[in-house]
Amino acid sequence: MHELVLWVDALCIDQGNDGEKAVQVGMMGEIYRNARRVRAWIGEREEDGDADGETEVGAEEVGDSWTVWRLMEEFGTSTRFDCWDAVEPHKLKPGQALNRMVSFPFALSGSLHGHISAPDILQADLLTACWETESGRKSWKIMAKMLKRSYWRRVWIQQELYNNREVIVHCGLNSAPFECWTRALEAHSYECNLDPSDRTIKLPSGRVRLGSQEVHQAGAVVVWFGLGRRYHERIKSRHGHFRLLREQLSRGATDPRDKIYGILDMVECWAEGRFKADYTASTAQVYTRAVLSTIEQWKALDVLLDTMPCPISMRMPDLPTWCPDWNHFITVSEDESDAGTDLKWSDVPYGLNRWGDNKFDYSRNNICYTKTEDDGRTLICYGIMLDHVRDVADSPWSPGQEEPSYENLGRLLQLTGADHDPGRREALWRTLVSNRAWDPSFDLTSQEFVPAPGDFGGRFETWLEMLRLRQKLRDNPENESLQGLRTDGNILAKAVMPIDQQRFSGKTSAEAVEQVVAWQHPYLASCQIATRWRRFFMTENDHMGLAPLHMLPGDVLVVLYGATLPVILRPVETHFEFVGEAYVNMWERGEAFDLAEKGELEERFFEMR
């Protein structure tokens, strides 16, 4: 008989002993890394059903019936659904073989022969056939329910999944390797024809897939775990470290200190022992230690920027304003109803300098120079005073609004003097997208950006004119001279589209309107991402920018050395409060550094609490 040694976190750690917990937390990474196999338990099989009465059926069912476990057997065991780049394993890419299958599921001869194998085509047919059956549709929806279980949101799951090469996920009496979950979800994602402007997913037959978006949202976190498992090594880069810290906002932990302690082993500079778990320290102390040690390691301040989406009213009262507050659970899912959910990602702004972005660098890659006071709350940074905030106004999307406001946009035109000044108008439309264009050809979860192209000016004018005409039609419902705009899409399109983009010959009214929507959409989407949950500001020297909702006139705009974006600080007696990151249509490539060297801008220390 062979001896079987098990280590079970819930049983092997005395959760009431802070000293023992600190020691065991320091060992957990090595335990998972050296284990022969990791078995994860996500709970009993799905028995309660959902609103339609679906319940999980057993794996013993065969024939034409689909189950969650058959999904993973059919789609999760084949490497043809493996969508990670073989050369650069940290990059997600569309599965090339799967793309060919989706594009040509019916072709097996002619010029395509030899490029797509018969098994590939049969597999593609199987994906569509699965969604065409009632049991298949129910099984995908049941999988979505399983993916919403609390296990997938735990902080500690990261060590369990990243540190061991063989992870088996159990649910009830059934189990499957973790890779089967990720590959099945990748097959689902890439076989879907997902239009970024439309939340529905359609089959080739034209039928809308019920529950597809639900699966897409629920599976997003699991697919990203699949990305992390490709490393099997500790994070060694600055951007990887910053990204991991941001991701803790969507992880759940009974003890908020574990938002940091749960990832100590995953970061090389922390795993060396310079930062150890200490359960006698307060949550605020743990968070400030995490930030200060990160700044010390990388000589950069970007950790202060993109990990602070929490509204100021929800922040821990004893936490310094410059320290991110991880004491929240922000969910990806739109229909999340758990009591532990504080915010949804749709309720917080996207970072203005996200990974993969065209990096702004207002401080021109200068390393930070910081000091801390003995109180652990005061952070002193060196930087450049750029300007003072004079006016603050609502962006086109006010908080909670689903549609842009023409009144808000009209006020911005007046505030900026952009009504009749082409230069000011360009500065305005560039500011409203933070001078970037969201590229929808990338995966929706990646939020990749490219520099804003020049044709965004024409797209902005079309959008502005559409908003103006809609407002005019609402204000004048009885005006017969406007009837053509109400009933004929071609008349409307000619009124708003640039002349060089008007190609309406032979188009129906609906097709002309669709052309207008498609033309303005790239600018509209980029503007919504940049301005939602932000406010527009003007400085005393007439520069335009975007900053957090809680900014106020009188705040100051500053470039801190070591931060790629400027920040908004609030003067309070002898020190400053940290308000958040900002975009300003000026100094994007570090020009402020040149002006400071000439003495045209002031360099100084900023004491933040």
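The values are calculated or read from the model by the stated rules, or taken from the named source; none is laboratory data. Since we're looking at a predicted model, the values are computed, not measured. Cβ placement follows ideal geometry from the backbone for every residue including glycine, while neighbour counts extend to all protein chains displayed. Note: accessible area is taken over every heavy atom of the protein model, side chains too, but ligands, DNA and RNA are not part of it. Shrake-Rupley method; radii C 1.70, N 1.55, O 1.52, S 1.80 Å.
General remarks:
- Greater than 31 Å apart at Cα, pairs in 141/236; 141/344; 344/371: 141/236; 344/371
- FRET efficiency for residue 312 and residue 540, using Cβ-Cβ distance with R0 set to 30 Å, rounded to 0.05: 0.80
- Environment charge of residue 597, counting only residues whose C-beta is closer than 14 Å and scoring Lys/Arg +1, Asp/Glu -1: -3
- Nearest-0.05 FRET efficiency for residue 150 and residue 73, computed from C-beta distance (R0 30 Å): 0.70
- Spin-label pair residue 393/residue 12, simplified geometry with 7 Å Cα→Cβ offset, distance in nm: 6.2 nm
- Near the amide H of residue 436, within less than 5 Å, lie the amide hydrogens of 452, all on another chain or at least 5 residues away, with H placed in the peptide plane.
- The stretch 376-439: relative contact order as a whole-number percent, Cα under 8 Å and 6+ apart: 15 percent
- Here the calculated FRET efficiency for residue 174 and residue 607, from their Cβ-Cβ distance with R0 = 56 Å, stands at 0.45, rounded to the nearest 0.05.
- Accessible carbon and sulfur surface of the stretch 213-293 relative to its total accessible area, %, 1.4 Å: 47 percent
- Summed side-chain charge close to residue 368 - residues other than residue 368 whose Cβ falls under 10 Å, Lys, Arg +1, Asp, Glu -1: -1
- 3J(HN,Hα) couplings calculated from phi for the stretch 247-257 with the Karplus curve 6.51 cos²θ - 1.76 cosθ + 1.60 (θ = phi - 60°) are, in sequence order, 5, 5, 5, 9, 10, x, 8, 5, 9, x, 5 Hz; Gly and Pro show x.
- A crude spin-label estimate for the pair residue 36 and residue 420, with each label 7 Å from Cα along the Cβ direction, gives 8.3 nm.
- For the stretch 542-558, 3J(HN,Hα) computed residue by residue from phi via the Karplus equation (6.51, -1.76, 1.60; θ = phi - 60°) reads 6, 8, 9, x, 10, 7, x, 4, 8, 5, 9, x, x, 5, 10, 9, 9 Hz, glycine and proline entered as x.
- Solvent-accessible surface ranking, highest first, for 330, 529 at 1.4 angstrom: 529, 330
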